[in-house]
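The values are calculated or read from the model by the stated rules, or taken from the named source; none is laboratory data. Bear in mind the structure is a predicted one, so any value in this text is a computation, not a measurement. All Cβ positions, even for glycine, are placed from backbone atoms using ideal geometry, and neighbour counts span all protein chains on display.
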Amino acid sequence: MVSQGRANRIAQRIKEELSELLLFEVSDPRLNGVHITHVRVDRELAYANIFFSALEGSERREEILEGFSHAGGFLRHQLAQRIQLRSFPQLRFNWDPTPEHADRIDQLITSLHQQEEGQEETDETKEDE
């Protein structure tokens, strides 16, 4: 078992190396435009949970998961060569809905500001009468 700090450092290194692999080494078109948002490694280093998103949103989620399933062995092998660990963790790929949630929250805040501005204009018009 490793310390939580070491597990976090390993997770960060996996995120960096995997992002580089996706940009320069992987030619699968299903993985184009994929962004690694977060990596979580358990303290036993048995599993690395990799969270990803895409610019197009969740419409491509299944396609991307198939791409990761197909390229998973290659990615794990490449990561194991770049990151020296006694035993390299199994990779688990998960869709990260956080960017979509953030966009939705941003839209809600914008609409609230627009409603407030509309209310202020209505109040000013009533005061002028």
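Does Val41 count as crowded, with 18+ Cβ neighbours inside 10 Å and without any contact (Cβ under 8 Å) to a residue 40 or more places away in the chain? Before the answer, list the steps.
On the way: crowded, with 18+ Cβ neighbours inside 10 Å: yes; without any contact (Cβ under 8 Å) to a residue 40 or more places away in the chain: no.
In short, no.
Checking the structure you have, find out if any residue of the stretch 66-78 is touching a Phe, Trp or Tyr at 6+ places or on another chain (Cβ under 7 Å) and not in a loop (DSSP other than H, G, I, E, B). Scanning the stretch 66-78, I find at least one residue that is touching a Phe, Trp or Tyr at 6+ places or on another chain (Cβ under 7 Å) and not in a loop (DSSP other than H, G, I, E, B), so the answer is yes.
So, of the residues in the stretch 1-38 that are touching a residue at least 24 places away in the same chain (Cβ under 8 Å) and of a type in the set (Asp, Glu), which turns out to be nearest to Leu85 (Cα to Cα)? The extreme case among them is Glu17.
Scanning the stretch 21-45 for residues that are outside any loop (DSSP other than H, G, I, E, B), under 24 Å from Gly57 (Cβ atoms) and either among the acidic types (Asp, Glu) or within 17 Å of the chain's Cα centre (by Cα) (or both) turns up Leu21, Leu22, Leu23, Arg30, Leu31, Val34, His35, Ile36, Thr37, His38, Val39, Arg40.
Determine, yes or no, whether Phe52 is loosely packed, with under 15 Cβ neighbours inside 10 Å, in the same structural domain as Arg82 (by TED's automatic domain parsing) and aromatic (Phe, Trp, Tyr).
Numbers: loosely packed, with under 15 Cβ neighbours inside 10 Å: no; in the same structural domain as Arg82 (by TED's automatic domain parsing): yes; aromatic (Phe, Trp, Tyr): yes.
Taking the combined requirement at face value, the residue does not satisfy it.
Close Cβ contacts (under 6 Å, 6 or more residues apart or on different chains) running from residues in the stretch 71-96 that are more than 28 Å from Glu56 (Cβ to Cβ) to residues that are among the acidic types (Asp, Glu) and part of a helix (DSSP H, G or I) comprise Arg82/Glu17. Considering the conditions (1) closer than 14 Å to Glu17 by Cα; (2) exposed (fewer than 15 other Cβ atoms within 10 Å of the Cβ), Glu59 is excluded by exactly one of them, (1). Inside the stretch 1-20, residues that are aliphatic (A, V, I, L, M) and part of a loop (DSSP other than H, G, I, E, B) make up a count of 2. Residues that are of a type in the set (A, V, I, L, M) and loosely packed, with under 15 Cβ neighbours inside 10 Å within the stretch 1-38 comprise Met1, Leu23, listed in sequence order.
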